[in-house]
Amino acid sequence: MRQITENIYAVGIVDWNVRKFHGNTYITKKGATYNSYLITGKEPVLIDVVHKGFEEEFLSNISEIIDPKEIKHIVLNHLEPDHSGSLEYVAEMCPNAKFYATAKLKEGASKYYKLNIEINTVKTGNSFNTGDYTFKFIEVPMIHWPDSMMTYCPEKKILFSNDAFGQHITSNKLFDDEIDRADLFKEAKKYYANILWALGSIIQRKLTELAAMNLEIEMIAPSHGMIWRKEISGIMELYMQWAQNKTENKAVIVYETMWGSTEIMAKEILKGLTSKAIDAKLFDIASTDFGELAYEMLEAKTFIIGSSTHDNEMLPYIAGFLYFLKGLKPQKRTAFAFGSYGWAGGAVKDIVETLKSSGIEVIGQTDAKFKPDSSELKKCFDAGVMLAEKLN
Ligand code: FEO
């Protein structure tokens, strides 16, 4: 049994072994959790259900505290299957519960599931009371899906934030101050980069609205990862910075190479950046997952993208990555394209076009035939220096 505070329990799932989340791009090296919260008292409340496949463990977690049939209210903050996948099962196990969700969730749930329950649709400002606690709903459409909402309990000063402020991290601890701080913030940033980066303008607006509500918040209980109780203002400030696409004077080089020439170019560009003491990192797409790159690029001002030419095109993994990056909708970024070719070329042109179509300003490009010679290497080094000077 994992108690958070008087009458509130963590009854969700710690999925220690999941390594792919959200399709194939987000590699969760530290697993993930599907948090659910049980509030006992006069009329027990369950906030969110969990991923399909964990039904029995979930039921067991609840049953350690109360009989699931005693649950009177179930709040569904988000439809995505990591939070709703066990809904059919929960609906059967909790026959005396009223369900609450947004109209969008209700609509989507009817497509995902065969349900014999009535879902009460709620909006921002609606609430219910259990006799000892109040639960107020705050719609947060697109954080992370159109159906998303948060739920606030004023008596406990807890904001159940669902996806917002989550992290994919596993622990038998519950709170932010019980695990390594650097790990916590790294995973919160990686989560934001992969799940929420594209939604920055909405997040800015919602954070501003939340601040205007003047909620007293002693805990933020997300549906992934640790509960925030010590670093609440810290994570909120970071969310605002990330949502505003604030960047640092950093460069990230990502490339795909066929016979090593593009890699030689990448390292020469890095030398140019290093000569000007710029914080820069270099990644071969063949050995780095997309999710890790999103983390590295979230605060980087300049993206430097390279590929060898293959059949007049860029290579396929870097092409896939650039489409992934485009979906993240990075703003206020600059980029540089480079790559080697044998005869006709094509990769650099592809990279430039894809970056431009992503709203990224391309400030230069260079290429090299077969293997970069001294003059082509100098162009790479000089490109690194030029990029560094622009960053400075
Ligand atoms: Fe954790 Fe958008 O689901």
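The values are calculated or read from the model by the stated rules, or taken from the named source; none is laboratory data. Keep in mind the model is a prediction, meaning the values are calculated, not measured. Positions of Cβ are backbone-derived with ideal geometry, glycine not excepted, and every protein chain shown enters the neighbour counts. Just so you know, the surface numbers come from the protein's heavy atoms only, side chains and all, with ligands and any DNA or RNA stripped out. Shrake-Rupley method; radii C 1.70, N 1.55, O 1.52, S 1.80 Å.
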Filter result (out of contact with any helix residue (DSSP H, G or I) (no Cβ under 6 Å at 6 or more places or on another chain) and either within 29 Å of residue 11 (Cα to Cα) or open to solvent by 50 Å² or more (accessible area, probe 1.4 Å) (or both)) within the stretch 201-216: 201, 205, 206, 208, 209, 210, 211, 212, 213, 214, 215, 216
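Among the listed residues 160, 128, 175, identify the single one that is within 21 Å of residue 239 (Cβ to Cβ), surrounded by fewer than 22 Cβ atoms within 10 Å (Cβ to Cβ), modelled with pLDDT of 95 or more and not polar (S, T, N, Q).
Numbers: 160 fails: surrounded by fewer than 22 Cβ atoms within 10 Å (Cβ to Cβ); 128 fails: within 21 Å of residue 239 (Cβ to Cβ).
Step by step, each of 160, 128, 175 is checked, and only 175 is within 21 Å of residue 239 (Cβ to Cβ), surrounded by fewer than 22 Cβ atoms within 10 Å (Cβ to Cβ), modelled with pLDDT of 95 or more and not polar (S, T, N, Q).
So, in the stretch 37-57, of the ones that are farther than 14 Å from residue 81 by Cβ and of a type outside the set (A, V, I, L, M), which residue ends up farthest from the chain's Cα centre (by Cα)? Break it down into steps so the answer makes sense when it comes.
Of the residues in the stretch 37-57, the ones farther than 14 Å from residue 81 by Cβ are 37-47, 56-57.
If we keep only those that are of a type outside the set (A, V, I, L, M) too, we end up with 37, 40-44, 56-57.
Values: 37: 21, 40: 31, 41: 34, 42: 36, 43: 34, 44: 31, 56: 28, 57: 26 Å.
By that ranking, first place goes to 42.
Could you go through the stretch 224-234 and let me know if any residue there is small (Gly, Ala, Ser), not in a helix (DSSP H, G or I) and not assigned by TED's automatic domain parsing to the domain that holds residue 138.
Our first condition is that a residue be small (Gly, Ala, Ser); within the stretch 224-234, this holds for 225, 233-234.
Still in the running and not in a helix (DSSP H, G or I): 225.
Then drop every residue that is not not assigned by TED's automatic domain parsing to the domain that holds residue 138, which leaves none.
Scanning the stretch 224-234 turns up no residue that is small (Gly, Ala, Ser), not in a helix (DSSP H, G or I) and not assigned by TED's automatic domain parsing to the domain that holds residue 138.
Could you tell me whether residue 157 is under 26 Å from residue 212 (Cβ atoms), basic (Lys, Arg), more than 16 Å from the ligand (Cβ to nearest atom) and touching a residue at least 60 places away in the same chain (Cβ under 8 Å)? Don't jump to the end; show me each part of the working.
Values: under 26 Å from residue 212 (Cβ atoms): yes; basic (Lys, Arg): yes; more than 16 Å from the ligand (Cβ to nearest atom): yes; touching a residue at least 60 places away in the same chain (Cβ under 8 Å): yes.
Considered against the rule, which asks whether it is under 26 Å from residue 212 (Cβ atoms), basic (Lys, Arg), more than 16 Å from the ligand (Cβ to nearest atom) and touching a residue at least 60 places away in the same chain (Cβ under 8 Å), residue 157 comes out as yes.
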The stretch 298-357, subset part of a loop (DSSP other than H, G, I, E, B), open to solvent by less than 60 Å² (accessible area, probe 1.4 Å) and not basic (Lys, Arg), residue nearest to residue 286 (Cα to Cα): 315
Residue that is surrounded by the most Cβ atoms within 10 Å (Cβ to Cβ) [pool: residues in the stretch 1-44 that are within 23 Å of residue 230 (Cβ to Cβ), within 15 Å of the ligand (Cβ to nearest atom) and aliphatic (A, V, I, L, M)]: 32
Residues located in the stretch 261-276, provided they are open to solvent by 10 Å² or more (accessible area, probe 1.4 Å) and touching a residue at least 60 places away in the same chain (Cβ under 8 Å): 261, 264, 268, 270, 271, 274, 275, 276
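Listed here are the residues, each with its yes/no results for (1) assigned by TED's automatic domain parsing to the domain that holds residue 270; (2) free of Cβ contacts under 8 Å to residues at least 60 places away in the same chain; (3) aromatic (Phe, Trp, Tyr); (4) within 20 Å of residue 251 (Cβ to Cβ).
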position: 308; (1), (2), (3), (4): yes, yes, no, no
position: 319; (1), (2), (3), (4): yes, yes, no, no
position: 332; (1), (2), (3), (4): yes, no, no, yes
position: 345; (1), (2), (3), (4): yes, yes, no, no
position: 352; (1), (2), (3), (4): yes, yes, no, yes
position: 362; (1), (2), (3), (4): yes, yes, no, yes
position: 371; (1), (2), (3), (4): yes, no, no, no
position: 375; (1), (2), (3), (4): yes, yes, no, no
position: 381; (1), (2), (3), (4): yes, no, yes, yes
Any pair with Cβ under 8 angstrom, 6 or more apart, that starts in the stretch 94-107 at a residue that is touching a residue at least 24 places away in the same chain (Cβ under 8 Å) and open to solvent by 20 Å² or more (accessible area, probe 1.4 Å) and ends at one that is part of a helix (DSSP H, G or I) and among the acidic types (Asp, Glu): 96/70
